[in-house]
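Each remark here refers to the structure printed beneath this line.
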Amino acid sequence: MSLYLVLVQAMTPVVIAYFIVLNGGYLILNLLSIVALQRRSRDAILDSLPQVYSGLEPPISLLVPAYNEEATIAASVRSMLQLSYAELEIIVINDGSKDATLDVLKEEFGLQAFPEAYRVQITTQPVHAVYRSLRYPNLRVIDKANGGKADSLNAGINASRYPLFCGVDADSILQRDSLQKLVRPFLTDVTMVATGGTVRVANGCQVSGGFLTQVGLPRNPWALFQVVEYLRAFLFGRLGWSVVNGMLIISGAFGLFRKQTVIEAGGYRPKTIGEDMELVVRIHRLLRERDQPYRIEFVPDPVCWTEAPEDRATLRNQRIRWQRGLAESLASNWGLMFSRHGGVPGWLAFPFMILFEWLGPVVELCGYVFMSIAWVLGAISWDAFGTFLFLAVGLGVLLSASGLLLEEMSFHIYPRPSQLLVLGVVVVAENFGYRQLNSWWRLVGLWRWARQQESTWGTMTRKGNWQRKV
Amino acid sequence: MGALSLTMLIALQIILMRIGMRRRQARNHAMTQAWRPVLNGAMMGIVPATLPPLAPRDMMPFLALWLHLQQSVRGDASEQLNAIAYRLQCDLLARRLLNQGNRTQRVVATLVLGHIRDRTAWSDLIREARQLDSAASILALWALVQIDAAETAHALAASLLLRTDWPLAQLATILQEERDAWEPALAEAIGTLDPVRLPDALRLLGALRLSLPPVLLNQMLAHADPDVVAAALRLATSPDSADQVRAHLTHANWQVRVQAVRALGPLGQRDDVVRLKALLADPHWWVRYRAAQALAGLPFVPRDELEALAASDRFAADIMRQVLAEQETL
């Protein structure tokens with residue numbers, strides 16, 4: 001038997017086993033999510049009643065990093081000022097924007113330079129000035145030298161007054177009660193150090209006054225694929241891990257953190273792309289090393305909406321960036337893996353991420369190429385190749401369908417039957433091309449990470465019509 | 001084939017769930033259309049002689065609607081809603097659900113019994129308040145407080161201070177309208193409380209703006225645990241405590257110093273100015289900030305003296321300039 005055939009016969013079961021374990025892992029997360037959503041549904045009736053607040057809920061600092069956001073920043077801040085929460089301060093961090101971001105903020109909100117006794121708890125690029133709004137006492141703006149998103153968030157942490165802070169992307173659309181939902185786990189558990197909420201795709205939705213007024217599906221196919229992707233990623237990816245306290249990602253678009261824990265961890269790491277994930281993994285690692293009890297929880301309620309890329313080039317760049325961020329986060333916290341006190345994050349979540357998210361694109365694409373070549377050259381039978389395709393595509397469809405099921409069990413965000421039908425079609429269609437394309441982009445991301453190319457603020461072609469001044 | 005079959009099953013499940021949800025929504029809509037005008041009228045004192053029919057399966061959505069309205073009104077309007085509930089024998093239903101219902105039904109029943117202040121459910125609600133389910137048990141506490149605040153305080157003050165899962169903010173909301181009934185019971189319970197629980201208990205008292213008997217407060221202010229002292233300083237609002245507050249201005253724990261400065265602000269005398277000025281050089285930002293605020297709030301410290309501080313050494317100047325600017329802009 002030639003070496004070639006031995007290789008093919010050895011690799012075929014490995015590739016098939018990989019796909020089985022990958023999808024099996026996700027199915028287990030799916031089951032955990034079902035349990036969590038059922039538990040949550042018990043309190044649905046309480047959520048539907050008018051809420052009474054004492055004003056004693058922990059105050060929150062909302063940190064909004066902004067770089068060249070002149071077109072949208074005023075509308076974003078205006079909508080954040082309308083968030084429903086007892087005590088809230090908003091700190092916009094202008095990260096050395098080259099456009100008129102700061103001028104827009106000065107004009108729209110009546111900013112005045114303020115002699116703030118700025119505390120340096122985390123080292124950042126120099127702060128040029130602190131401004132305070134004459135119209136909104138809870139709004140401040142930090143003007144600093146350019147240092148990236150992580151550096152901006154660190155400057156915001158330094159300037160913040162409150163024990164909890166929430167990092168928000170300037171272009172996010174928040175639910176009016178989003179902070180109330182995100183803070184709840186902190187009220188009942190003193191060991192809570194961070195919570196993250198579900199981010200949904202805003203494309204196709206109607207937005208007025210900075211708030212979402214009607215949910216819809218986008219017509220653009222790229223955005224449509226991402227609707228299903230987000231359902232899958234948040235409703236069982238993160239929720240499932242949250243049940244076992246193994247969630248390694250909180251979206252940078254909207255996450256609430258205990259400030260003291262973040263400061264003790266050293267703040268966000270500047271010059272990283274995936275600063276949101278890196279921070280969460282580092283918090284896990286440090287608190288596990290200290291053997292300190294803690295919880296990081298996912299709130300499944302849709303609290304934040306974001307505009308997804310609608311063209312191939314922007315989506316590609318985003319996915320490359322995400323994969324680089326993932327690789328950076330895992331590589332810089334390697335100590336968590338199989339560590340003595342690692343628990344679920346160290347013994348399950350981290351290896352899972354390494355195997356299926358970090359190396360996933362390599363194995364997945366190599367699997368497709370290897371099996372296709374082997375079949376074309378007659379090294380494997382059609383049965384074996386068909387089994388592989390069925391596992392790769394069929395289980396992918398099953399996972400996406402289960403994401404849709406979780407959505408239907410819990411939130412019914414898309415009420416019309418036609419919307420359900422469209423999503424059903426997308427659940428199948430995304431497995432024929434889109435998923436594989438994504439794997440390719442992620443592979444490029446891995447390659448770029450390996451070459452250690454320098455990170456920058458991600459450029460994103462946004463429409464954001466709802467946020468522009470009319 | 002397995003994956004395909006499972007996918008088809010999921011698709012079927014989604015369709016069935018969607019059909020079920022549509023039916024429920026249509027039924028709830030019909031019930032709401034019939035009952036909302038009646039309940040709205042009742043809140044304004046217009047009560048019809050005969051009520052619309054209400055099918056047993058519509059009782060839960062009806063109670064949700066009724067609770068929704070109850071949570072938004074007080075006084076006569078609330079009593080009129082209670083009268084409607086009694087006419088529909090919701091009290092009997094709620095008591096039955098509290099004992100035999102599932103978790104959601106028990107929660108709804110608890111809220112209904114609280115609103116109608118049904119004393120006959122007292123022992124069942126006490127049982128609910130003592131169970132481990134945080135959300136359900138704190139609602140039972142709320143219902144008991146509605147029925148008889150003083151009796152609830154007597155029955156549950158000690159166990160309430162042991163519940164670490166009940167959010168302080170929610171507890172304060174529940175107890176604040178009946179503060180007088182709770183003050184003696186909480187003070188008594190604090191006297192015998194495990195020191196580990198003391199900080200939270202004192203924070204609750206602070207949130208409710210309750211006070212401790214002077215002897216007990218002095219004990220807390222002299223406690224070895226800095227967390228207890230910091231929490232007790234929030235209750236030190238009487239001039240009688242001023243000397244103990246001053247003693248903590250130089251405490252090794254910065255959180256105690258912050259609370260001492262905050263407490264001294266409203267109590268401060270002329271000779272406290274020197275102490276507060278010294279704290280403008282404290283290594284911790286919050287102590288400096290609160291000291292600057294306290295100085296700026298003392299009525300006998302003239303503006304030019306504060307401005308002189310803002311031009312003094314860097315630490316004091318930075319924080320003093322900020323506080324003076326805050327006063328100007330607010």
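The values are calculated or read from the model by the stated rules, or taken from the named source; none is laboratory data. From a predicted model like this one, the values you see are computed outputs, not experimental measurements. Methodologically, a virtual Cβ is constructed for each residue, glycine included, from the backbone with ideal geometry; neighbour enumeration extends over all protein chains shown.
Tabulated results
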{"read-out": "Some residue of the range A:256-265 being touching a Lys or Arg at 6+ places or on another chain (Cβ under 6 Å), at pLDDT 90 or above and not in a strand (DSSP E or B)", "value": "yes"}
{"read-out": "Scope the range A:335-387; condition of a type in the set (Ser, Thr, Tyr) and either assigned by TED's automatic domain parsing to the domain that holds A:ILE320 or touching a residue at least 12 places away in the same chain (Cβ under 8 Å) (or both); matching residues", "value": "A:SER339, A:TYR368, A:SER372, A:THR387"}
{"read-out": "Qualifying residue in the range B:174-192 (condition: away from every other protein chain (no Cβ under 14 Å), in a loop (DSSP other than H, G, I, E, B) and touching a residue at least 12 places away in the same chain (Cβ under 8 Å))", "value": "yes"}
{"read-out": "Filter result for B:LEU98 (in contact (Cβ under 8 Å) with a residue 12 or more places away in the chain, crowded, with 18+ Cβ neighbours inside 10 Å and more than 20 Å from B:PRO48 (Cα to Cα))", "value": "yes"}
{"read-out": "Of the criteria (1) away from chain B (no Cβ under 12 Å); (2) in contact (Cβ under 8 Å) with a residue 60 or more places away in the chain, which one A:SER402 fails", "value": "(1)"}
{"read-out": "Among (1) surrounded by fewer than 23 Cβ atoms within 10 Å (Cβ to Cβ); (2) under 26 Å from A:GLY343 (Cβ atoms); (3) touching a Phe, Trp or Tyr at 6+ places or on another chain (Cβ under 7 Å), the one test that A:LEU217 misses", "value": "(2)"}
{"read-out": "Per-region count, the range A:164-204, residues over 19 Å from A:THR72 (Cβ atoms), among the hydroxyl-bearing types (Ser, Thr, Tyr) and crowded, with 23+ Cβ neighbours inside 10 Å", "value": "2"}
{"read-out": "Members of the range A:97-129 found to be without any contact (Cβ under 8 Å) to a residue 12 or more places away in the chain and in contact with an Asp or Glu (Cβ under 7 Å, 6 or more places away or on another chain), listed by number", "value": "A:ALA117"}
{"read-out": "Count of the range A:89-127 residues which are away from every other protein chain (no Cβ under 14 Å), surrounded by fewer than 19 Cβ atoms within 10 Å (Cβ to Cβ) and of a type in the set (A, V, I, L, M)", "value": "1"}
{"read-out": "The range A:114-156, residues that are in contact with a Gly (Cβ under 6 Å, 6 or more places away or on another chain) and closer than 21 Å to B:ARG288 by Cα", "value": "A:ILE122"}
{"read-out": "Residue in the range B:78-93 that is closer than 30 Å to A:MET409 by Cβ, surrounded by 12 or more Cβ atoms within 10 Å (Cβ to Cβ) and either in contact with a Cys (Cβ under 6 Å, 6 or more places away or on another chain) or away from chain A (no Cβ under 13 Å) (or both) present", "value": "yes"}
{"read-out": "Residue tally, condition β-branched (Val, Ile, Thr) and more than 14 Å from chain A (Cβ to nearest Cβ), over the range B:283-301", "value": "1"}
{"read-out": "Residue that is within 14 Å of another protein chain (Cβ to nearest Cβ) and surrounded by 14 or more Cβ atoms within 10 Å (Cβ to Cβ), where the choices are B:ARG74, B:ARG27, B:ARG18", "value": "B:ARG18"}
{"read-out": "Within the range A:300-349, tally of residues that are closer than 17 Å to A:TYR434 by Cα and aliphatic (A, V, I, L, M)", "value": "4"}
{"read-out": "Any chance A:LEU330 is of a type in the set (A, V, I, L, M), outside the structural domain of A:PHE211 (by TED's automatic domain parsing) and within 30 Å of A:ILE34 (Cβ to Cβ)", "value": "no"}
{"read-out": "Test set (1) in contact with a Ser or Thr (Cβ under 6 Å, 6 or more places away or on another chain); (2) of a type in the set (Gly, Ala, Ser); (3) surrounded by fewer than 16 Cβ atoms within 10 Å (Cβ to Cβ) - B:ALA55 fails condition number", "value": "(1)"}
{"read-out": "Members of the range A:375-384 found to be of a type in the set (A, V, I, L, M, F, W, C) and either farther than 16 Å from A:VAL14 by Cα or modelled with pLDDT of 85 or more (or both), listed by number", "value": "A:TRP375, A:VAL376, A:LEU377, A:TRP382"}
{"read-out": "Checklist (1) among the small types (Gly, Ala, Ser); (2) buried (at least 20 other Cβ atoms within 10 Å of the Cβ); (3) at pLDDT below 95 applied to B:ALA169, failing item", "value": "(2)"}
{"read-out": "Filter result for B:MET60 (in contact with a helix residue (DSSP H, G or I) (Cβ under 7 Å, 6 or more places away or on another chain), part of a helix (DSSP H, G or I) and within 9 Å of another protein chain (Cβ to nearest Cβ))", "value": "yes"}
{"read-out": "Complete set of residues in the range B:273-330 that are acidic (Asp, Glu) and surrounded by fewer than 15 Cβ atoms within 10 Å (Cβ to Cβ)", "value": "B:ASP304, B:GLU305, B:GLU307, B:ASP313, B:GLU328"}
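Yes/no matrix, rows are residues, columns are (1) in contact (Cβ under 8 Å) with a residue 40 or more places away in the chain; (2) under 18 Å from B:THR32 (Cβ atoms):
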{"position": "B:PRO53", "(1), (2)": "no, yes"}
{"position": "B:ASP58", "(1), (2)": "no, yes"}
{"position": "B:GLU79", "(1), (2)": "no, no"}
{"position": "B:ALA83", "(1), (2)": "yes, no"}
{"position": "B:LEU88", "(1), (2)": "no, yes"}
